[in-house]
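Undergrad: Input: one structure, supplied below.
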Amino acid sequence: MPVELLGPAPTVDAQAQGSAFLALLKQTPPPVGTMLVALVTGAGESEKGFRLSGKAIIRYDGDTFVYAQTNSEDFERWRVKLAAELRDGSVFVTSGVTAQDHIVVNGAAQLLSEELKDATGGP
């Protein structure tokens, strides 16, 4: 049945999987609070990218970054573009990394702290 999509749901049942939206079903609506499964179609094209743990994301100076391990001892901060932050805490990154990159998940904030400390000559 066609519905009018109102937008993302402000709260979501923790057991629901996938994204949650509010929609208005005008013909024969089910009882209030009924959870429905829907197929959302659109004219847009799918985006290519990578799903990463949200713990890998660093927000600094108005931008979004990850740290990548470039060899056995070195790490670099790379700017990334987020297309979405997902309910499970992961993010969908559409640019800035490749499938071959080694992205830091645990300890990314500590790497930023060390980088900034080195840049300012801090202790």
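Undergrad: Going through LYS48, LYS117, LYS55, LYS81 one at a time, which residue ends up being more than 20 Å from the chain's Cα centre (by Cα) and among the basic types (Lys, Arg)?
TA: LYS117
Undergrad: When PHE75 is evaluated against the numbered criteria (1) surrounded by 12 or more Cβ atoms within 10 Å (Cβ to Cβ); (2) under 26 Å from THR11 (Cβ atoms); (3) at pLDDT 90 or above; (4) not polar (S, T, N, Q), which criterion, by number, is the only one it fails?
TA: PHE75 satisfies every listed condition except (2).
Undergrad: Scan the stretch 74-91 and report the pairs whose first residue is within 18 Å of ALA109 (Cα to Cα) and whose second residue is open to solvent by 90 Å² or more (accessible area, probe 1.4 Å) and among the acidic types (Asp, Glu), with Cβ atoms within less than 9 Å and a gap of 6+ or a chain change.
TA: VAL91/GLU85
Undergrad: What residue, of VAL105, VAL66, VAL93, VAL97, is outside any strand (DSSP E or B) and open to solvent by less than 50 Å² (accessible area, probe 1.4 Å)?
TA: Of VAL105, VAL66, VAL93, VAL97, the one residue that is outside any strand (DSSP E or B) and open to solvent by less than 50 Å² (accessible area, probe 1.4 Å) is VAL97.
Condition check ((1) more than 12 Å from LEU52 (Cβ to Cβ); (2) modelled with pLDDT of 90 or more) across all residues:
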{"residue": "GLU85", "(1), (2)": "no, no"}
{"residue": "ASP88", "(1), (2)": "no, no"}
{"residue": "VAL91", "(1), (2)": "no, no"}
{"residue": "GLY96", "(1), (2)": "no, yes"}
{"residue": "VAL105", "(1), (2)": "no, yes"}
{"residue": "SER113", "(1), (2)": "yes, yes"}
{"residue": "LYS117", "(1), (2)": "yes, no"}
{"residue": "THR120", "(1), (2)": "yes, no"}
{"residue": "PRO123", "(1), (2)": "yes, no"}
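Undergrad: Right, something else. May I ask you to list the residues in the stretch 39-63 that are among the small types (Gly, Ala, Ser) and modelled with pLDDT of 70 or more? Before the answer, list the steps.
TA: Just the residues of the stretch 39-63 that are among the small types (Gly, Ala, Ser), to begin with: 42-44, 46, 49, 53-54, 56, 62.
Correct list: SER46, GLY49, SER53, GLY54, ALA56, GLY62.
Undergrad: Take the residues in the stretch 17-30 that are modelled with pLDDT of 75 or more and either open to solvent by 100 Å² or more (accessible area, probe 1.4 Å) or in contact with a Phe, Trp or Tyr (Cβ under 8 Å, 6 or more places away or on another chain) (or both), then tell me which one is nearest to LEU82 (Cα to Cα).
TA: Pass one, the stretch 17-30, residues modelled with pLDDT of 75 or more: 21-30.
Still in the list and also either open to solvent by 100 Å² or more (accessible area, probe 1.4 Å) or in contact with a Phe, Trp or Tyr (Cβ under 8 Å, 6 or more places away or on another chain) (or both): 21, 26-28.
Working: PHE21: 20, LYS26: 35, GLN27: 37, THR28: 38 Å.
For the stretch 17-30, the residue satisfying everything is PHE21.
The values are calculated or read from the model by the stated rules, or taken from the named source; none is laboratory data. Everything numeric in this text was worked out from a predicted model, so none of it was measured. Every residue, glycine as well, gets a Cβ built from its backbone with ideal geometry; the counts of neighbours run over all protein chains shown. For accessibility, only protein heavy atoms count, side chains too; no ligands or nucleic acids. Shrake-Rupley method; radii C 1.70, N 1.55, O 1.52, S 1.80 Å.
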